[in-house]
1. Could you give every pair whose Cβ atoms fall below 7 Å, whose first residue belongs to segment B:119-144 and is of a type outside the set (D, E, K, R), and whose second residue is not in a helix (DSSP H, G or I), counting only separations of at least 6 or pairs across chains?
2. Counting residues that are within 11 Å of chain A (Cβ to nearest Cβ) and among the β-branched types (Val, Ile, Thr), which helices (runs of 4 or more DSSP H) fully inside segment B:21-90 reach at least 2?
3. Considering each of A:65, A:54, A:26 in turn, give the residue that is part of a loop (DSSP other than H, G, I, E, B) and either more than 9 Å from every other protein chain (Cβ to nearest Cβ) or modelled with pLDDT of 80 or more (or both).
4. Could you list all residues from segment A:185-244 that are basic (Lys, Arg) and modelled with pLDDT of 80 or more?
5. With farther than 29 Å from residue B:30 by Cα and hydrophobic (A, V, I, L, M, F, W, C) as the only criterion, which of B:175, B:137 stands out?
6. Just to be sure I understand the filter: pairs with C-beta atoms under 7 Å, separated by 6 or more residues or on different chains, first member in segment A:78-92 and farther than 14 Å from residue A:112 by Cβ and part of a strand (DSSP E or B), second member at pLDDT below 85 and basic (Lys, Arg). Which pairs pass?
7. With B:212, B:223 as the choices, which residue is under 22 Å from the mean Cα position of the chain (by Cα), surrounded by fewer than 22 Cβ atoms within 10 Å (Cβ to Cβ), more than 30 Å from residue B:81 (Cα to Cα) and more than 14 Å from chain A (Cβ to nearest Cβ)?
Amino acid sequence: MKKDVGFRWKLGMFVTAGILFFAVTIYFVGKQKNLFGSTFHLKSHFKTVSGLKIGNNVRFSGINIGTVDAIEMISDTSVMVDLIIEKSAQPFIKTDAKVGISSDGLMGEKVLVISPGTFTFKSVKDNDILTSKNAIEMEDLMLSMKKSIDNVALISDNLAQFSYKVNNGDGALSKMISDEQFSSTLQSTLVNLQNSSNEFAKFTESMNSGKGALSKLVTDEKFGKTLDSTMMNLKTGTKGLNETIDAAQNSILLKGYFKKKEKAAKQIEIKKANALKKKNTTIIKSDSTKRLLTPKDSIQ
Amino acid sequence: MVIEIKNTFDGIGEFVLFIFRFFKELFKPPLELREFVKQCYVIGYKSLPLVAITGFIMGLVLTLQSRPTLAEFGAESWLPGMVALSLIREIAPVITALICAGKVSSGIGAELGSMKVTEQIDAMEVSAINPFKYLVVTRILASTLMIPLLVVFADGIGILGGFVGYNIHSELNIVRYNSLVFETLGFVDIFPATIKTFFFGFFIGTIGCFMGFTASNGTESVGKAANSAVVYASLAIFIIDMLAVQLTDLIF
């Protein structure tokens, strides 16, 4: 009997430790899968879950707070996803929080992401339904990628056409590049242009520093002054001339001649005035139409 | 040649009948509880040091061996999970079972064989004790229940060995190591492996008992019984392992 007791407690310890260890392992693995511990459920409807599977992680602020418990088809356009969430996360998830599907890395597992709502809203309750965000599908990504690739193809097509035209066309650009004759004419034109510009340079130089009349006109201050004084002299000279002419008209010797001239001038004026009166009465009508047609005339 | 083949099938038939007899006797009261507890002690507790050392070394070695390959991919952080996964799924059950085949199966074979040779079994029968019930049922039951426990210990100690192995080259605290291990583990990894170990235990006990119980008279047959017990038990372990993997694959 004594011997029995000796080994029995060891056996008991062995078995207890083994079973305990196994139980603890099961517990921890189960906790990872949210089978034990206090949890609550949330639901969300999706148009497509894009490959989400039962057991995928649920993330909130980047922390794994639960797993996907069930995925059910409700109708032809909607899928209900049931989530198990840790109780400790409940106060932080507000009723206006949104659920979206994204993936863990480019090729990784799908992950359900709950984006936080506004803090003024109430916290979620058990079995609440959260609104869902449409996931960015790989297909959509590919589609938009295809669009831009098409654009690139178009651009490169145009570029190819352009370069073809440049190589083979008749335009100025293509001639510049490919036509030898054109380039030689271009060259000669440029040489001419250079020559003429050289001439012009010489001209401007001589104008600036030369002794000719033009250059003096432009540059010499003294010349300008003398020109001015010459003008003044001319003015006074013509004034004097006017006075002498007046004096000549009033002098006795030349009075007769001037009077005859005045009379002849008066007679001519009277004749002209008579002729004009006749003309005006006949032309007045046609003249007014003319004015309407060509307003320039009316100004004149 | 034909006789040899016939003898082989004869042996297999006898073994199957032996298993049937075990189940028949198992549900027939009374159960020899004291002998059962003693066998549990011998098979379970006494094998623990051996299993613990093996498990520890397996974890350590597996970590050190896998490290260079994983480091090449920059996936060293997967090392704990990978080691734990391979330990729990495959290595700990098989290594533990093999160790126990060597220790337990051969022990039972030699013990029962010598009892048979010295006619102790016959003497039991004469004194109105059912030798099958007293010797065989208790041992098979004990090994069926104790081997899984030993495997659980081997898993735990092996993972600990992995932790030590990981810390030889880089540093990681035990909490993070633990979480890395449990992140990778799922019930799919644990349950099939555990169920498998019950079969390992059952066949280790059954083959040991069968070889001892059916030993022919003569001293040399004791050694023969012990030897063939180890050989066939080890073979059975691998066959069961293969079947278990295929079944697991099919179901999960």
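The values are calculated or read from the model by the stated rules, or taken from the named source; none is laboratory data. In this text, all values refer to a predicted model and were calculated from it rather than measured experimentally. Positions of Cβ are backbone-derived with ideal geometry, glycine not excepted, and every protein chain shown enters the neighbour counts.
1. B:134/B:32; B:138/B:32
2. B:33-43
3. A:54
4. Correct list: A:202, A:222, A:225, A:235, A:239.
5. Going through B:175, B:137 in turn, just one is farther than 29 Å from residue B:30 by Cα and hydrophobic (A, V, I, L, M, F, W, C): B:175.
6. A:78/A:47
7. Answer to the check: B:223.
Conditions (1) assigned to a loop (DSSP other than H, G, I, E, B); (2) among the aromatic types (Phe, Trp, Tyr); (3) under 30 Å from residue A:54 (Cα atoms), marked per residue:
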position: A:99; (1), (2), (3): no, no, yes
position: A:113; (1), (2), (3): no, no, yes
position: A:129; (1), (2), (3): no, no, yes
position: A:143; (1), (2), (3): no, no, yes
position: A:150; (1), (2), (3): no, no, no
position: A:170; (1), (2), (3): yes, no, no
